[in-house]
Amino acid sequence: DAGITQSPRHKVTETGTPVTLRCHQTENHRYMYWYRQDPGHGLRLIHYSYGVKDTDKGEVSDGYSVSRSKTEDFLLTLESATSSQTSVYFCAISSGSYEQYFGPGTRLTVT
Amino acid sequence: ELKVEQNPLFLSMQEGKNYTIYCNYSTTSDRLYWYRQDPGKSLESLFVLLSNGAVKQEGRLMASLDTKARLSTLHITAAVHDLSATYFCAVVGAGGTSYGKLTFGQGTILTVHP
């Protein structure tokens, strides 16, 4: 299995609070991605990174920001969580070849 | 904008039967993926299809790609209960700036009954 961890794995937070999710990889892969999974939508791309300090928006980036200060870590921040951000969040990594590996996921509930 | 559609979204099968899941996409793509997801788990890569006419098989699953029709199929042969899961197709758009970004279909929930 690709070396990807996500933390926390589960989180319950209140509306309006900031939340940061962490993705950590041990594969030294260049590309990292954050997706969210909601019933009926499959997975949708939030933000991605193509190198240290190089990030860009995906399909559903509103309300989210990211940072990547070193190769192994990609942080996703919800500046002010809303109930619509209740979801399962997956991090993925890729070396730029064909495979894209997914982390175990973080289940976030915003009350 | 790249859109990916799967059908059916729900599939209830009897053990031993054959069936096909379809994945259509709307624009030119560099490659197509099939993933499996068990409840509460992450996504497991099944196949990566890179070119027109590509066919890959693993056990009871076979995937194919027709880039001209913008269609991929996942064929299930002689289904067994262990194949019960959600199956996703995902597509990377064409071009050097795609950066491997995946656009997913909605997923097909497959249930195999005795």
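The values are calculated or read from the model by the stated rules, or taken from the named source; none is laboratory data. Since the structure is predicted, the reported quantities are computational estimates derived from the model, not experimental observations. Virtual Cβ from ideal backbone geometry, glycine too; neighbours counted across all protein chains shown. For the accessible areas, the whole protein counts, side chains as well, though only heavy atoms, and no ligand, DNA or RNA atoms are used. Shrake-Rupley method; radii C 1.70, N 1.55, O 1.52, S 1.80 Å.
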Exercise for the section: Spot the failing condition for B:Gly40; the list is (1) over 30 Å from A:Arg9 (Cβ atoms); (2) open to solvent by 50 Å² or more (accessible area, probe 1.4 Å); (3) within 14 Å of chain A (Cβ to nearest Cβ), and only one is missed. Expected result: (1)
Problem - Top-ranked residue in the range B:56-92 [being under 13 Å from B:Arg31 (Cα atoms) and in contact (Cβ under 8 Å) with a residue 40 or more places away in the chain; ranked as nearest to the chain's Cα centre (by Cα)] - result: B:Cys89
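Conditions (1) farther than 20 Å from B:Tyr19 by Cβ; (2) touching a Gly at 6+ places or on another chain (Cβ under 8 Å); (3) within 11 Å of another protein chain (Cβ to nearest Cβ); (4) surrounded by fewer than 20 Cβ atoms within 10 Å (Cβ to Cβ), marked per residue:
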{"position": "B:Ala79", "(1), (2), (3), (4)": "no, yes, no, no"}
{"position": "B:Ala94", "(1), (2), (3), (4)": "yes, no, no, yes"}
{"position": "B:Gly100", "(1), (2), (3), (4)": "yes, yes, yes, no"}
{"position": "B:Phe104", "(1), (2), (3), (4)": "yes, yes, yes, no"}
{"position": "B:His113", "(1), (2), (3), (4)": "no, no, no, yes"}
Practice task
For the range B:9-25, state whether one or more residues are open to solvent by 50 Å² or more (accessible area, probe 1.4 Å), among the acidic types (Asp, Glu), within 14 Å of chain A (Cβ to nearest Cβ) and touching a residue at least 24 places away in the same chain (Cβ under 8 Å).
Solution key: no
Problem - When residues of the range A:56-99 are limited to those that are under 21 Å from A:Glu27 (Cβ atoms) and of a type in the set (Phe, Trp, Tyr), the one most open to solvent (accessible area, probe 1.4 Å) - result: A:Tyr98
Practice task
Search the range A:1-55 for residues being under 28 Å from B:Glu5 (Cβ atoms) and open to solvent by 70 Å² or more (accessible area, probe 1.4 Å), and hand back the single one that is nearest to the other protein chains (Cβ to nearest Cβ).
Solution key: A:His41
Problem - Residue check, B:Gln57 modelled with pLDDT of 95 or more and under 21 Å from A:Tyr48 (Cβ atoms) - result: no
